[in-house]
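Visitor: Handing you this structure, nothing more for now.
Nothing in this text is a laboratory measurement; each read-out follows from the coordinates by a stated rule. This structure is a prediction, so every number in the text was calculated from the model and none was measured. Backbone-built Cβ (ideal geometry, glycine too); neighbour counts: all protein chains shown.
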Amino acid sequence: MMSSKPVATGPPKPSFRSAAHPEGEVSNQQVLTQSTTQLSQEDRLDWVARIRSKLFQFEKSYTVLLFFGEPPADEHNWRTSDQFVGSSFVFANSSPESCDNCIERTDAIVEGFIDLTPYLKRIYPDSLDPEIIVPYLKDKIHWRIQKVIGHLRRK
């Protein structure tokens, strides 16, 4: 049986990267300026959350969950709540000390992506303009982490 347990929560620390500056973070003003000056009426603007975490942060596999608004207090309701936006699963060896590759990658950073666009379009159907979306994300996006606990039964 598989169950999950929340292991971390916290307020978001948003950081924005620009396609024009993929090598480093840029200020919110640079993102807004680039986005508004480079987009025409025909362009499509997509919003994606980039999740970066240490592979062996919790010594087991875990999932990062995103919400628009405060998630329910009971973690069993997280994935079915109206606030749930998406998740990014991290598969980690629960015995990294017995794996040479794992030992070499002790501080490895893994990435996952969650498409926010469909959820934002429900809230803002007329515009995904950065001047509207960035303040909303800073205020409303929350995250939680669930660690996988338990064992699968073998027949």
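Visitor: Can you list the residues of region 51-79 with backbone N under 17 Å from a point 7 Å past the Cα of residue 110, pointing along Cα to Cβ?
Guide: 51-66
Visitor: Test of the criteria: in region 88-132, which chymotrypsin sites (Phe, Trp or Tyr not before Pro) are in a DSSP loop and have at most 15 other Cβ atoms within 10 angstrom of their Cβ?
Guide: Sparse-neighbourhood loop chymotrypsin sites (Phe, Trp or Tyr not before Pro): 91.
Visitor: Which far-off residues, 5 or more places away or on another chain, put their amide H under 5 Å from the one on residue 47, with H placed in the peptide plane?
Guide: Distant-sequence amide H within range of residue 47: 116, 117.
Visitor: What distance in nm lies between label points placed 7 Å from Cα along the C-beta direction at residue 59 and residue 98?
Guide: 1.5 nm
Visitor: Sticking with this structure for a sec: Can you list residues from other chains, or at least 5 along the same chain, whose modelled amide H is less than 5 Å from the amide H of residue 141?
Guide: 69
Visitor: Also, quick follow-up: Can you list the residues, at least 5 places off or on another chain, whose amide H is less than 5 Å from the amide H of residue 90, using H built in the peptide plane?
Guide: Distant-sequence amide H within range of residue 90: 62, 63, 64.
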